[in-house]
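The structure under discussion appears below in the form of structure tokens.
The values are calculated or read from the model by the stated rules, or taken from the named source; none is laboratory data. Fair warning: this is a prediction, and the values are worked out from it, not measured in the lab. Neighbour counts are summed over all protein chains in view; Cβ atoms, including those assigned to glycine, are modelled from backbone coordinates with ideal geometry.
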């Protein structure tokens, strides 16, 4: 019964949020081919979350917060009952700042993660794609099953960003910092430029400081 109730709740979320293309839905194939990826994601979810008492980079937050708030309002997130856009933007930025600071390949690249989130979900944490990808970074639901979590965990902003950044950092390391190849692997479209070009264009137009 609990499983039926949870599936029903996911369907309700999908009906409330605009469906996005399943851009990252080939993560399953990547995980099957790359034996080390599961260990990387497992290590990420078991790492300690950040409990920052103050911003490490005040200027970065000051510049990025209005941009994230604008994207949230464009998705009418401020109209949802109890949704505080300012607080939500701060939560997203803290999570991105925290998780990229843990990853060597993303330490100075939080804007790249913001661009991925923008393309994947438009900053809507409740988005469920037609392929079942969930949340901010459109993480596929097989990941929680692989790691002993609940699919519900993917709706958590911090956990979703933690998984997504660990996957992206893994591919950046594998591709020796090549943005396009790493993004294509994240999307499951290696050899095609559509998705990498979209993310990098979004990075350039919206998220560069």
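What to note about this one:
- The residues of the stretch 176-195 that are over 15 Å from residue 165 (Cα atoms), touching a residue at least 24 places away in the same chain (Cβ under 8 Å) and surrounded by fewer than 18 Cβ atoms within 10 Å (Cβ to Cβ) amount to a single one, 189.
- Selection status of residue 182, outside any loop (DSSP other than H, G, I, E, B), over 17 Å from the mean Cα position of the chain (by Cα) and at pLDDT 95 or above: no
- The set of residues in the stretch 121-133 that are within 20 Å of residue 38 (Cα to Cα) and surrounded by fewer than 20 Cβ atoms within 10 Å (Cβ to Cβ) contains only 132.
- Meets criteria (under 26 Å from residue 66 (Cα atoms), modelled with pLDDT under 95 and either surrounded by fewer than 23 Cβ atoms within 10 Å (Cβ to Cβ) or over 12 Å from the mean Cα position of the chain (by Cα) (or both)) for residue 156: yes
- Near pairs, Cβ below 7 angstrom, 6+ apart or cross-chain, from the stretch 63-75 (without any contact (Cβ under 8 Å) to a residue 40 or more places away in the chain) to any residue that is part of a helix (DSSP H, G or I) and surrounded by fewer than 14 Cβ atoms within 10 Å (Cβ to Cβ): 69/86
- Screening residue 164 against (1) at pLDDT below 90; (2) surrounded by 24 or more Cβ atoms within 10 Å (Cβ to Cβ) leaves a single unmet condition, (1).
- Any chance residue 209 is touching a helix residue (DSSP H, G or I) at 6+ places or on another chain (Cβ under 9 Å), in contact (Cβ under 8 Å) with a residue 40 or more places away in the chain, within 23 Å of residue 61 (Cα to Cα) and not in a helix (DSSP H, G or I): yes
- Whichever residue in the stretch 99-111 is surrounded by fewer than 24 Cβ atoms within 10 Å (Cβ to Cβ) and within 13 Å of the chain's Cα centre (by Cα) and, among such residues, is farthest from residue 197 (Cα to Cα): 100
- Considered as a group, the residues in the stretch 71-106 that are in contact with a helix residue (DSSP H, G or I) (Cβ under 6 Å, 6 or more places away or on another chain) and in a loop (DSSP other than H, G, I, E, B) include one that is farthest from residue 175 (Cα to Cα), and that residue is 83.
- Residue match in the stretch 49-56 (condition: under 14 Å from the mean Cα position of the chain (by Cα) and either in contact (Cβ under 8 Å) with a residue 12 or more places away in the chain or surrounded by fewer than 23 Cβ atoms within 10 Å (Cβ to Cβ) (or both)): no
- Selection from the stretch 128-173 of residues that are touching a strand residue (DSSP E or B) at 6+ places or on another chain (Cβ under 6 Å), over 15 Å from residue 113 (Cβ atoms) and assigned to a helix (DSSP H, G or I): 154
- Unique residue being at pLDDT below 90 and either under 15 Å from the mean Cα position of the chain (by Cα) or surrounded by fewer than 18 Cβ atoms within 10 Å (Cβ to Cβ) (or both) when the list is 140, 136: 140
- Exclusive hit being at pLDDT 60 or above and within 16 Å of the chain's Cα centre (by Cα), set 44, 35: 44
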